[in-house]
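Below is one structure, written out as structure tokens, with a few remarks after it.
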Amino acid sequence: MPSKSILILGANSDVAKAAIARYAARGCRIVAASRSIGELQSFVDTLPQAGQVAVLHFDATDFGSHRGFYMALPFKPQIVLYAAGFQVHNDQALVDFEGSFRMMQVHYAGAVSILNIIATDQENTQLERIVGLSSLSGVRGRKSNFIYGAQKLPSRSTSPDCGSICSTEK
């Protein structure tokens, strides 16, 4: 893979960290963003290619900060991976609307907010793809976590796979 520029949002998850390590090993420039940057920076510091990874703060639920965050990136990404997540145990989510609402904000509203900004950036002619990670819970609901699964389901249909949006003929 030729050197690519990668933006990973919600970069503290295990799958996001695996993506960081893999992309870094291939020589990619990476912005790894998370609301908890201490743990993320500690992980990045263990990588032989740590110098290729910039760690930035990103909060999926701080919608007003999304445009400024994107505009301040050190480079415009060719590939975007949205891996932000938040989970409240199903028993708690049934009686705690605030927890359920936060899941909605992170998994759906946060994704739509930042990914729409990225997908519609007319100046980033290099954008190739936007990948939104979902969960098997969003495909096959289970009694033990159906509220969490319902929060993940929208990402299956709203995360642009770029199609016409990411074409070079913006």
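Readers should treat all values here as calculations from the given coordinates under stated rules, not as data from a laboratory. Quantities reported herein were computed from a predicted structural model and do not represent experimental measurements. Cβ sites come from the backbone with ideal geometry, for glycine too, and all protein chains shown count toward neighbours.
For the pair SER3 and SER42, what calculated FRET efficiency results from E = 1/(1 + (r/R0)^6), where r is the Cβ-Cβ distance and R0 = 30 Å, to the nearest 0.05? Don't jump to the answer; show the numbers that get you there.
Values: r = 25 Å, r/R0 = 0.84.
Once rounded, the FRET efficiency stands at 0.75.
So how far, in whole Å, is the C-alpha centre of segment 20-46 from the one of segment 54-114?
Comparing the Cα centres of segment 20-46 and segment 54-114, I get a distance of 17 Å.
Would you mind computing, in nm to one decimal, how far apart the modelled labels at THR61 and VAL95 are, each placed 7 Å from Cα along Cα→Cβ?
The two pseudo-label positions are separated by 2.0 nm.
Sorted by packing (mean other beta-carbon atoms within 10 Å per residue), highest first, where do 100-108, 6-14, 62-70, 124-132 land? Kindly include the intermediate steps, with their values, before the conclusion.
Details: 100-108: 19.8, 6-14: 22.8, 62-70: 14.7, 124-132: 17.8.
Most protected by this proxy first, the peptides run 6-14, 100-108, 124-132, 62-70.
How far apart, in nm, are the 7 Å Cα→Cβ label points at THR125 and MET71?
Those two pseudo-labels are separated by 2.2 nm.
Can you tally the net charge around SER5? Count Lys and Arg as +1, Asp and Glu as -1, for every other residue whose Cβ sits under 9 Å from the Cβ of SER5.
Charge balance in the 9 Å sphere: +3.
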